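The values are calculated or read from the model by the stated rules, or taken from the named source; none is laboratory data. Everything numeric in this text was worked out from a predicted model, so none of it was measured. Neighbour counts are summed over all protein chains in view; Cβ atoms, including those assigned to glycine, are modelled from backbone coordinates with ideal geometry.
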Amino acid sequence: MNPSYNDGDFVLTERLPKYCIDDVVVLKLPKLGYVIKRIIDIKKSGIILKGDNYKLHSSVCDQVHSEKDIIGKVIS
């Protein structure tokens, strides 16, 4: 999520009943652990994510994720 967040940064999250497009969220994914990404689309099948670093592609963004994987929205 460079330039917004760097490896080793601490963030505060808030668990919400519903998330919106453009929210930055922390997810816990089985194979990758914790990741920070931005929600770019919400579908019935799940959420679509994107990183803020346009120079690097993340495989996390190639799939639809369940909202159940979201730990919370980054608030600070």
Original post:
Listed residues Lys73, Lys28; which is in contact (Cβ under 8 Å) with a residue 24 or more places away in the chain and in contact with a Leu (Cβ under 6 Å, 6 or more places away or on another chain)?
Top reply: Lys73
Subject >> Residue within region 60-70 that is part of a loop (DSSP other than H, G, I, E, B) and either under 21 Å from Pro3 (Cα atoms) or among the aromatic types (Phe, Trp, Tyr) (or both) present >> reply: no
Original post:
Of the residues in region 17-54, how many are at pLDDT below 95, under 19 Å from Ser4 (Cα atoms) and assigned to a loop (DSSP other than H, G, I, E, B)?
Top reply: 4
Original post:
Taking region 9-58, which residues are on the phi > 0 side of the Ramachandran plot and either surrounded by fewer than 13 Cβ atoms within 10 Å (Cβ to Cβ) or basic (Lys, Arg) (or both)?
Top reply: Asp22, Gly33
Original post:
Do we find that Ile48 is of a type in the set (A, V, I, L, M, F, W, C) and touching a residue at least 24 places away in the same chain (Cβ under 8 Å) in this structure?
Top reply: no
